Amino acid sequence: KVHAKKVKLSDNVDLEIVARGTPGFSGADLANLVNESALLAAREDKKAIYMDDLEEARDKVCWGKERRSRVIDDHEKKVTAYHEAGHALIGLHCDNTTPLHKVTIIPRGNALGATMHLPEYDKYTHTKTELMDELTVLMGGRCAEEIIFNEITSGAYVDIKQASAITRKMVCEWGMSENVGLLNYGDIDGYGQEPYHGGYSPETAREIDLEVRQIIADVSQRAMDILTTHRDQLEKLGEQLLVEETMDVFAIKDLLDMPVGDTENSRRFKGKVGLSSDEDTPDSGDGDGTEGVPLLVEAPVDDDVEMPTPVIPDALADDDAEVDNVDVDDKAKGKVVDGPLPETAESRAPDRYDDGTDAVTE
Ligand code: ZN
């Protein structure tokens, strides 16, 4: 609560809920979140920060800024809707995935759409079962395209890249393949290039390749099975996404008649109060308004899974960069499918900056 003490908050803001909806955030991250929401509120001439400002700030810090100005072709938008619906549905039908948060086909960060997940709590290790479920979710987008359009696009590039990286770690570093065994092949240079240079034989290299390929084939098949079984839900969700563009887990479960869990309920960001509401906190006159608040907090660097920095053509570059005071690529705290950067089991850096430098409100 320290991080918000000098910023005016609307009465409808419940910091407990904000904290529950931001697992993995350090004190500095939370300070940054309040900064972001203060900026958003100020841009709409609000006198205080509302829950919807905090929610949008959280999504922006985790997954990048919405880019509504991007013009998307209708068919591409439709493909994106079903692609994201595929990810989301698999998430809802696998028991061990990071809980679904929201699905959007509004471009955010560098992605055309995104399926966002928020962990229930800070997690530093993952079981094989969880990883297999996450991989199935990653395959869901591509599989949905195949089922609905009988055609595939290049849009699953990031999914495939991410899935390959996780699977390789499972086999080469985390000892999760019986065939390959409990040996670490991951930190050795020259993998798959020069025989023996990397410390293991060409036969082992081949075995690793086969194992990685088999795992990906298995999770792809599982994703196809789930989406084929629930094709009615896939079509329903895809169609609705095209209309609403963004749906949170509550809207999705409502549409599909699925029960909402306790954890989901406990961090529901309530109170989408309209701008005309009279709930504005009275101006205390101490000059601590939201202007000039932004503070750059250096972010922990996520360097676990190496992802290429997506190339954004100049034409698509940020159109109002002045509010981008957060390096979102370094801030991925939740999981996102198709979004800026993935988070993996060991990617969270320690809270190096949670050392009292949370001076957002000073
Ligand atoms: Zn995807």
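Ordered by the number of other Cβ atoms lying within 10 Å of each residue's own Cβ, fewest first, 230, 75 fall into the sequence 75, 230.
Counting lysine pairs in segment 1-72 that sit 8 or more residues apart in sequence, or on different chains, and whose Cα atoms lie under 17 Å apart gives 5.
Between residue 265 and residue 120, what is 0.36 nm times their sequence separation minus the Cα-Cα distance? Round to one decimal in nm.
Answer, rounded to one decimal: 51.0 nm.
Less than 5 angstrom separates the built amide H of residue 336 from those of 117, 343, all sequence-distant by 5 or more or on a different chain.
In this structure, the residue pairs whose Cα-Cα separation is over 19 Å, taken from 102/253; 102/236; 102/169, are 102/169. Between residue 43 and residue 221, the modelled labels are 4.8 nm apart [label points 7 Å from Cα along Cα→Cβ]. Other residues lying with their Cβ under 14 Å from the Cβ of residue 129 contribute a combined charge of -2, Lys and Arg counting +1, Asp and Glu -1.
Please label the shape of segment 1-70 as rounded, prolate or oblate, based on the square roots a ≥ b ≥ c of the eigenvalues of the alpha-carbon gyration tensor (a/c under 1.5 means rounded; beyond that, a/b larger than b/c means prolate, else oblate). Verdict is oblate for segment 1-70.
Only the coordinates and a few stated rules stand behind these numbers; no lab work does. All values reported here derive from a predicted model rather than from experimental measurement. Note: ideal-geometry Cβ built from the backbone for every residue, glycine included; neighbour counts use all protein chains shown.
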